[in-house]
Amino acid sequence: MKRRRMSAECEMDHSYAMPNVNDNSNALLKKIQNVYANKLLNDITLVVGGISYPAHRFMLCISSDVFETMLMNSAWSDSHQEVIELQEVPQCIEVFPVFLQYFYTGVITLEQSNIMPVLVLADKYNVKDLTALCVEYMCEHIADAADQGQLVTWFQYVLSLNQPTTINALYYCKIWQDTECMDIKPPWNKLLKACRNYIKWNLDSCIKCFNTFQCDILVGLLKQSDLVIHDEMQLFGCVASWLNYQSAEKLLECNDPDTIEDYMSSLTEHVMSFIRYPMILPRQMAQLLMVPVVKQNKDFFVDKMAAAMEYNLVKMEKRSDTEHILECTPRLYTCERWGNSFRVRTKTIPNYQSIKRDIVTRSSLFDREREVDEESNWEIEMYLKGMCFGKAMLMSWRGSIELPEVIIKTVRATIKMKLRPEDIGKVARHVRVAILVYAVQNKIVHVVTVVQKVVLFDTNQNLITIDDLMVYDAVNQPTINEDLIHINDTNVSYFMSDRIPLKFHVIITPIIPGLTDTHIGTRIQHVHI
């Protein structure tokens, strides 16, 4: 349950606090609850969905800015009425009794089944403390919302409340990027960022709500290169399922087959244009021919597939237009072609010591026969328990200076390109490196942090370092009474228990100047921070 915090006006100054002030407050609260429960002294009736709810003007006005305007402003006709009928959607009608009761008790039980209608009512009537409670609950149950097919609805609702006056295609692209959540004010910015990043980095766990995407918002998502997905083929399947759902919805509102066919043909070409076909392996292309949406739009897909095959069969690596830069830029694919995941048990690692893992990735972007054997070997080294630099002597022409021991409390990751002796000085790799860090919310494991960096590995630089990959204290502080240390003020932890290891996934994809996008830079993004 979530309890409303007392406002500043209700809190008594500590220096003037009287004995038993808490008892007096509790007694007053019980009297207010009794008045509401027994329908005493009510001076107004709210009618919602045909049901009457006796209430009190005073409680409505001090709880809601909207009710205050309605009932205290003589310019409003409702201010003179003893019975007021409120128009609410069916979902809000069901929860209106607990919403109204919250005005009197300050207590409400929030669950996945009622959180959205309660939030809609809290926002509609500008009940600020209840809105804050709803947002807090939602941030603590992001993973549950995805599991139950509600997360996309949450995300789109927050967007609808904070849309600018002018909306264009660029807006729908920016909402998926780390641009301070489009300057949205608290508490909505925290919730929007949490929903956005969870969807973008855990799309495979959002399948239940994928079909609820609005078209423009889905297109904005498909334009993103830091979308975490197994491969482009899986993303194609998600979009094909979305199109089938839209077709069924259109069929319910229109009985004209020709109209539906024209609508779906146009919609398919619009949305499917943002699939990155060159990133689908040639051997997977044959599977696409069996998908119903492809059969129904053969001309469009055959053209896309033929253009994609050119990249895989013919060396076309000098295109410079923006469309092809995005089309040939790998997303954060978790398939083995571009990296691998590994787990680490922190209890087995001594303080200030590192652990190492090796991964192998493809060196070529496309699946060409002459490049099949080209692979890159990488060494991942992680310092999860900080770093210690012992005492040392600094020698200079003025003499020697003793340097003290230094301990750095950071979680560091290094990525090193491993070369054979005969390759030194001859081999260079221009790549995008990404590290996915997993965490747990309500026993659901998901990606909580993404780091990206574009690097040229060569003889002069064969190693990069990334600090502050994780929240140091959340990794290293001991548990207290078996309660896990959370990453922040939500219930997200790196550990499900002290026996479950940490999980990481490293992705390294090739960069081809003039063909793939390099405007990624270095980013460390946390879902709930």
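Per-structure values
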{"quantity": "Residue match in the stretch 142-154 (condition: charged (D, E, K, R) and either touching a Leu at 6+ places or on another chain (Cβ under 6 Å) or free of Cβ contacts under 8 Å to residues at least 60 places away in the same chain (or both))", "calculated": "no"}
{"quantity": "Cβ-Cβ under 9 Å pairs, at least 6 apart or on other chains, the stretch 65-79 side without any contact (Cβ under 8 Å) to a residue 24 or more places away in the chain, far side acidic (Asp, Glu) and surrounded by 12 or more Cβ atoms within 10 Å (Cβ to Cβ)", "calculated": "Met70/Asp78"}
{"quantity": "Residue list for the stretch 154-168, filter: part of a helix (DSSP H, G or I) and either surrounded by 10 or more Cβ atoms within 10 Å (Cβ to Cβ) or not polar (S, T, N, Q) (or both)", "calculated": "Trp154, Phe155, Gln156, Tyr157, Val158, Leu159, Leu161"}
{"quantity": "Where Tyr171 falls short, out of the listed (1) open to solvent by less than 30 Å² (accessible area, probe 1.4 Å); (2) modelled with pLDDT of 95 or more; (3) hydroxyl-bearing (Ser, Thr, Tyr)", "calculated": "(2)"}
{"quantity": "Qualifying residue in the stretch 468-480 (condition: modelled with pLDDT under 95, more than 20 Å from Tyr383 (Cβ to Cβ) and open to solvent by 10 Å² or more (accessible area, probe 1.4 Å))", "calculated": "yes"}
{"quantity": "Residues being touching a Leu at 6+ places or on another chain (Cβ under 8 Å), part of a strand (DSSP E or B) and under 22 Å from Thr518 (Cα atoms) - total across the stretch 330-351", "calculated": "1"}
{"quantity": "First in the stretch 458-476 and within 17 Å of Tyr494 (Cα to Cα), second anywhere and part of a helix (DSSP H, G or I), Cβ under 7 Å, 6 or more apart", "calculated": "Val475/Thr346"}
{"quantity": "First in the stretch 178-190 and at pLDDT below 75, second anywhere and in a helix (DSSP H, G or I), Cβ under 7 Å, 6 or more apart", "calculated": "Cys181/Asn189; Cys181/Leu192; Cys181/Lys193; Met182/Lys174"}
{"quantity": "Unmet requirement for Ile93, which otherwise passes all of (1) out of contact with any Gly (no Cβ under 8 Å at 6 or more places or on another chain); (2) open to solvent by 20 Å² or more (accessible area, probe 1.4 Å); (3) closer than 21 Å to Val120 by Cα", "calculated": "(1)"}
{"quantity": "Residue in the stretch 249-258 that is buried (at least 19 other Cβ atoms within 10 Å of the Cβ) and within 21 Å of Phe210 (Cα to Cα) present", "calculated": "no"}
{"quantity": "Selection count where residues are open to solvent by less than 40 Å² (accessible area, probe 1.4 Å) and over 32 Å from the mean Cα position of the chain (by Cα), scope the stretch 271-290", "calculated": "0"}
{"quantity": "Which listed residue, of Ser396, Ser400, Ser341, Ser363, is touching a residue at least 60 places away in the same chain (Cβ under 8 Å) and either open to solvent by less than 10 Å² (accessible area, probe 1.4 Å) or over 29 Å from the mean Cα position of the chain (by Cα) (or both)", "calculated": "Ser363"}
{"quantity": "Residue count for the stretch 96-120, restricted to those that are under 22 Å from Asp144 (Cα atoms) and either over 29 Å from the mean Cα position of the chain (by Cα) or crowded, with 17+ Cβ neighbours inside 10 Å (or both)", "calculated": "9"}
{"quantity": "Residue under evaluation Val293, criteria (1) modelled with pLDDT of 90 or more; (2) in a helix (DSSP H, G or I); (3) surrounded by fewer than 18 Cβ atoms within 10 Å (Cβ to Cβ), criterion not met", "calculated": "(3)"}
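The values are calculated or read from the model by the stated rules, or taken from the named source; none is laboratory data. Bear in mind that the values here come from a model prediction, so they are computed numbers and not experimental data. All Cβ positions, even for glycine, are placed from backbone atoms using ideal geometry, and neighbour counts span all protein chains on display. Surface accessibility is based on the protein's heavy atoms, side chains included, excluding ligands, DNA and RNA. Shrake-Rupley method; radii C 1.70, N 1.55, O 1.52, S 1.80 Å.
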